[in-house]
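Below is one structure; the comments refer to it alone.
The values are calculated or read from the model by the stated rules, or taken from the named source; none is laboratory data. What you are looking at is a predicted structure, and each value in this text was computed from that prediction instead of being measured. So basically every Cβ, Gly included, is an ideal-geometry build from the backbone, and we count neighbours across all protein chains shown.
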Amino acid sequence: MSLPVFTLVILVLAIIQGTGLVGSTDVFEPVLHRHGSHGKDQLSRQIRSVLSMLHSNDYTSAKEQAESVVAHLRTLENNIKVAGPRLEAGNAAYMAMLISRADKKACSIGRTAYINSWATNYISSKRCTRLINNPLSCAEELRRLSDNKALSINCQNTTYRTYEGNCNNNENPTWGAAYTPYERIYVPIYLDGIWEQNTFFNHLPNSLTVGKETANMMANITPNSLYTISLAGWTNIVLYDLSHTVSYKMLHSEADIVCCSENNRKISPRFLHPFCMPLVSKNGECINYVRSMLSTLSDQIYGPAQQMNMASHYLDGSSIYGTTAEIADTLRLKQDGLLKELNYHCKKGQPCQFSGDIRPIMDPVTAVIHVVLIREHNRIAKSLSKLNPTWSDETLFQEARRIVIAEIQHITYKEWLPIIIGDSLNRQKYDANIHPGVYNSFANAASYFALSLFPDKIRLYNEDRSQNTTIPWRYSIVDPDLLNNNKKFDSLIRSLSTQTCQQSNLKFTKAVTQNFFGKGKNDGLNILSLIVQRGRDHGLPSYMTFRKLFGFPHNNFEDLVGDMPLMNYQILRNLYSDEDTIDLFIGGMAETPKTGAIVGPILSKIISRQMMITRVGDKYFYENNKQKTSFTEEQLNEIRKSSFARLLCDNSENVQEMQPNAFKIIDKINNNLVDCSDESKIPKMDLSYWKY
């Protein structure tokens, strides 16, 4: 079955015109600059000519119409609050909602963005699509017309990066800030070019079907013989640091939105919020899904809907320190530059707010690394206090934060990334012209490869690396006792560096396909279905579109044979009736990993591009030595000694030995256990270079 002609026209025109390609030619050759001129293109000229006839009254009318739509939602939302469905606290749907819950600032911006999308629809349908039947190009031209309407920010020249990420770039202070839109490698594909779900959904398998069939067809999950489960945990640390996708709440009360009944069935249309996009099977099974919150830089920006990133777009420890000064304030001890550690009064099954983000404490592997980083901050703050006894709490905190962020960046780029993509990045120097924004396709598709790395069970180890017990790997708030009990915590640290992860492919454990967000056996969700649904909600282009963008064969199913195992190829043939509808996440996970890499070529391209702009677009990146805020060369040399192994050694209670590269399995020849005190094998920063 082929795609609708309308959809094919959009895709073809986008590629021919270049309107589908966003980014910077300075970094990526196949990608045209976001603001590049397309004036010579005939269609573009026609659309601009039509839109040039817009008057201020048109924009006023559009905003009035949009505000009217929002006002009419009040009655529906009141009815839902009184008699609509509720979420049971603690169940899987509730937990899924909890990790994507928007705060008040996000809700305010999301409301403005929703109004903008309706105003865009009004202008496009009234002035553009009536004359030129190309919604995508109409919406894109509207975006270009309003690109310079972002609100200005007054920035003070500061030694330390802000929590939200703004004021990193002097000329473009909103670049990389929290609450701003994700960036795009390729324009979103919506039916109306703005936000409406695409009609090729009729040609796609149901998201529930994709998740279930993928799980049912795969068996014999195989361990990776080279790498430890810490690789999966660190991937989550990077993902949570760079991105946080949140869902809409009710516009008038900011109450949570529920799209399915208490017994997971469809609800009456009179209680269905327009932000609902539930996963519904043929037999009526209903899984809650609320559309992701949109973002905008002002109330005068039009064009295709862009989803919000509630985290800062920089690799800046935001999941540890928070994304606002207010959140950071609640996490600090307000003494000697220290962070609060675990809440010893925390109850099992309830979130312990000792971090800037709940997600790192949702699984035991990531939670241990998160606690290690908090301990590292406090270890450094205590050392700095001894070296500089006159420093204030604020100075101690910010200097320790600055060093920990540098460690995270160093470990990510020197140890983690080469394993994931099989290469190191060539370009490294800061470039103020590079937008550091996180790609939608990275945050909401490519980065989820980590889920295939996690095992069903975590093995706990003694100091001699003999196994003492196992615990289930679950994504549903870690038992505080695992993190509070020093003996168990040390056992988990040894697990990170001893137990192998799984192969990265379409084989996922039942913890992922049946029990995600669950408390027991099979009472959770299939997260694969939710990832697919989110990709469709965000208008992510298909896997084949990315193959074409990156120069890979893309004409038919047969073009995939050489890039993935035959079994995976057959799964895609069985699931998708048309190769042009393969979801990006599913197609990417089906690929054979590149030689020396964890992921295949398409995911590798997306990840490497993301990590490139994250580095070169960050003025405060630790190796950027041309700023007055830069580390000294002596301090840089010390930071370059940091490693994941050293983090684990320094922040355990009684772990005595560690292999030098803790992301890799213990190898008696090349990566054997050594004493943590042996700094010749596991180098350690000398903080005396921070004595002032």
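Within the bounds of segment 120-133, is there any residue that is in contact with a Lys or Arg (Cβ under 8 Å, 6 or more places away or on another chain) and of a type in the set (A, V, I, L, M)? Before the answer, list the steps.
Here is the first cut: in segment 120-133, the ones in contact with a Lys or Arg (Cβ under 8 Å, 6 or more places away or on another chain) are none.
Among the residues of segment 120-133, not one is in contact with a Lys or Arg (Cβ under 8 Å, 6 or more places away or on another chain) and of a type in the set (A, V, I, L, M), which makes the answer no.
Identify all residues within segment 332-341 that are closer than 20 Å to ILE408 by Cβ and either at pLDDT below 95 or in a loop (DSSP other than H, G, I, E, B) (or both); write none if there are none. It would help to see each step written out before you state the result.
Step one: list which residues in segment 332-341 are closer than 20 Å to ILE408 by Cβ, which gives 332, 337-341.
Correct list: GLY337, LEU338, LYS340, GLU341.
Need pairs with beta-carbon distance below 7 Å; first residue over 13 Å from GLU196 (Cα atoms) and within segment 108-127, second part of a helix (DSSP H, G or I) and β-branched (Val, Ile, Thr); sequence gap 6+ or separate chains.
What qualifies is ILE115/VAL70; ARG127/VAL50.
In the set ILE380, ILE411, ILE405, ILE434, which member is touching a residue at least 60 places away in the same chain (Cβ under 8 Å), crowded, with 16+ Cβ neighbours inside 10 Å, closer than 18 Å to TYR620 by Cβ and out of contact with any helix residue (DSSP H, G or I) (no Cβ under 7 Å at 6 or more places or on another chain)? Full working, then the answer.
Values: ILE380 fails: out of contact with any helix residue (DSSP H, G or I) (no Cβ under 7 Å at 6 or more places or on another chain); ILE411 fails: out of contact with any helix residue (DSSP H, G or I) (no Cβ under 7 Å at 6 or more places or on another chain); ILE434 fails: out of contact with any helix residue (DSSP H, G or I) (no Cβ under 7 Å at 6 or more places or on another chain).
Every option except ILE405 fails the conditions.
Step by step: first the residues of segment 287-341, then only those that are among the charged types (D, E, K, R) and in contact (Cβ under 8 Å) with a residue 12 or more places away in the chain, then the one that is surrounded by the fewest Cβ atoms within 10 Å (Cβ to Cβ). Which residue is that?
Pass one, segment 287-341, residues among the charged types (D, E, K, R): 291, 299, 316, 326, 329, 332, 334, 336, 340-341.
Now drop any that are not in contact (Cβ under 8 Å) with a residue 12 or more places away in the chain, which leaves 291, 299, 316, 332, 334, 336, 340-341.
Details: ARG291: 23, ASP299: 15, ASP316: 30, ARG332: 16, LYS334: 11, ASP336: 16, LYS340: 15, GLU341: 15.
Residue satisfying both the conditions and the ranking: LYS334.
Against the definition (acidic (Asp, Glu) and closer than 21 Å to ALA102 by Cβ), how does GLU213 come out, yes or no? Write out each step before concluding.
Details: acidic (Asp, Glu): yes; closer than 21 Å to ALA102 by Cβ: no.
The answer is no for GLU213.
With the checklist (1) closer than 20 Å to ASN426 by Cβ; (2) touching an Asp or Glu at 6+ places or on another chain (Cβ under 7 Å); (3) surrounded by fewer than 18 Cβ atoms within 10 Å (Cβ to Cβ) in hand, flag the one item ARG640 doesn't pass.
For ARG640, the failing item is (2).
Quick one: in segment 152-164, of everything that is more than 17 Å from HIS313 (Cβ to Cβ) and not β-branched (Val, Ile, Thr), which residue is modelled with the highest pLDDT?
First, pick out the residues of segment 152-164 that are more than 17 Å from HIS313 (Cβ to Cβ): 152, 154, 156-160.
Narrowing the set further to residues that are not β-branched (Val, Ile, Thr) leaves 152, 154, 156-157, 160.
Numbers: SER152: 76, ASN154: 85, GLN156: 83, ASN157: 75, TYR160: 94.
That would be TYR160.
List every residue pair whose Cβ atoms lie under 7 Å apart, where the two residues are 6 or more positions apart in sequence or sit on different chains, the first residue falls within segment 548-566 and is among the β-branched types (Val, Ile, Thr), and the second residue, located anywhere, is in a helix (DSSP H, G or I).
Close Cβ pairs (under 7 Å, with a partner that is in a helix (DSSP H, G or I)) amount to VAL561/TYR569.
Inspect all residues belonging to segment 498-521 and state whether any of them is farther than 30 Å from MET308 by Cβ and hydrophobic (A, V, I, L, M, F, W, C).
yes
Of the conditions (1) in contact with an Asp or Glu (Cβ under 8 Å, 6 or more places away or on another chain); (2) under 20 Å from ARG427 (Cβ atoms); (3) in a helix (DSSP H, G or I); (4) not aromatic (Phe, Trp, Tyr), ARG609 clears all except one; give me its number.
Result: ARG609 fails condition (1) only.
I want to confirm something. Restricting to segment 566-591 and keeping residues that are in a loop (DSSP other than H, G, I, E, B) and either modelled with pLDDT under 95 or in contact with an Asp or Glu (Cβ under 6 Å, 6 or more places away or on another chain) (or both), which single residue is surrounded by the fewest Cβ atoms within 10 Å (Cβ to Cβ)? Talk me through it step by step, then tell me what you get.
Initially, segment 566-591 is screened for residues in a loop (DSSP other than H, G, I, E, B), giving 576-578, 582-583, 591.
Narrowing further to those that are either modelled with pLDDT under 95 or in contact with an Asp or Glu (Cβ under 6 Å, 6 or more places away or on another chain) (or both): 577-578, 591.
Numbers: SER577: 12, ASP578: 16, GLU591: 24.
Here the answer is SER577.
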